[in-house]
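Here the structure is laid out as structure tokens; the discussion comes afterwards.
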């Protein structure tokens, strides 16, 4: 009877150990995925927005270290380190996402202005503008970075940089094609009007009035009495 009890207890301990390991493995996998995506978005943003978001990248190394502890069955050590690790990863994720959100809003307002202008002058490919606006609106970047399964991080990071650079080049090219068509004296004025900003006729120089009237958006300009 004693042997049976010991056997049952051993089985229960084995099940508990397996459950404990699986639970920790799931948590670590989630942290590793979050950290990887954070670093990839950071690479993409650096190429697209030309800004490097500062974060503590040691969190990725910490995740790898704790993964090694899991393989060695050092569950208590993992449970001790897990809260701090979760905080590190969450902090990095929040920092990157918040800054990217700010940069997206800033660039999206420019793309919206470009779309409004293009609706009138039809100077650039509408599909390219939509693709650019779609990235800034939805930030659906994964489909362009995760091209294959089980790809090394370095390859994914390169995919992110290449996609970011591709979008940056499209942004610069479309902006120059649309607004570069106009003389420098009125380019900023057109950008402001496309953004629905009202301009005072009295504040315009005679040459600016002439250039605006003779431009391809002259027919869309309305004068109102205030």
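Annotations for the structure displayed:
So that you can scan it fast, the table gives a plain yes or no per residue for (1) in a helix (DSSP H, G or I); (2) out of contact with any helix residue (DSSP H, G or I) (no Cβ under 7 Å at 6 or more places or on another chain); (3) within 22 Å of residue 160 (Cβ to Cβ):
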{"position": "39", "(1), (2), (3)": "yes, no, yes"}
{"position": "47", "(1), (2), (3)": "yes, no, yes"}
{"position": "53", "(1), (2), (3)": "no, no, yes"}
{"position": "56", "(1), (2), (3)": "no, no, yes"}
{"position": "63", "(1), (2), (3)": "yes, no, yes"}
{"position": "68", "(1), (2), (3)": "yes, yes, no"}
{"position": "77", "(1), (2), (3)": "yes, no, no"}
{"position": "93", "(1), (2), (3)": "yes, no, yes"}
{"position": "118", "(1), (2), (3)": "yes, no, no"}
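- Residue 165 vs. criteria in contact (Cβ under 8 Å) with a residue 60 or more places away in the chain, within 30 Å of residue 32 (Cα to Cα) and within 20 Å of the chain's Cα centre (by Cα): yes
- Residue check for residue 107: under 19 Å from residue 190 (Cα atoms) and within 14 Å of the chain's Cα centre (by Cα): yes
- Residue check, residue 26 outside any helix (DSSP H, G or I), assigned by TED's automatic domain parsing to the domain that holds residue 171, surrounded by fewer than 14 Cβ atoms within 10 Å (Cβ to Cβ) and modelled with pLDDT of 90 or more: no
- Count of the range 29-63 residues which are farther than 20 Å from residue 153 by Cβ and loosely packed, with under 12 Cβ neighbours inside 10 Å: 1
- Counted as qualifying within the range 128-217 are the helices (runs of 4 or more DSSP H) with 3 or more residues that are surrounded by 11 or more Cβ atoms within 10 Å (Cβ to Cβ) and not assigned by TED's automatic domain parsing to the domain that holds residue 50, namely 184-194, 206-214.
- Within the range 66-102, the set of residues being exposed (fewer than 13 other Cβ atoms within 10 Å of the Cβ) and without any contact (Cβ under 8 Å) to a residue 24 or more places away in the chain comprises 68, 71, 72, 76, 80, 83, 84, 87, 94, 98, 101, 102.
The values are calculated or read from the model by the stated rules, or taken from the named source; none is laboratory data. None of the values given here were measured: they were computed from a predicted structure. Backbone-built Cβ (ideal geometry, glycine too); neighbour counts: all protein chains shown.
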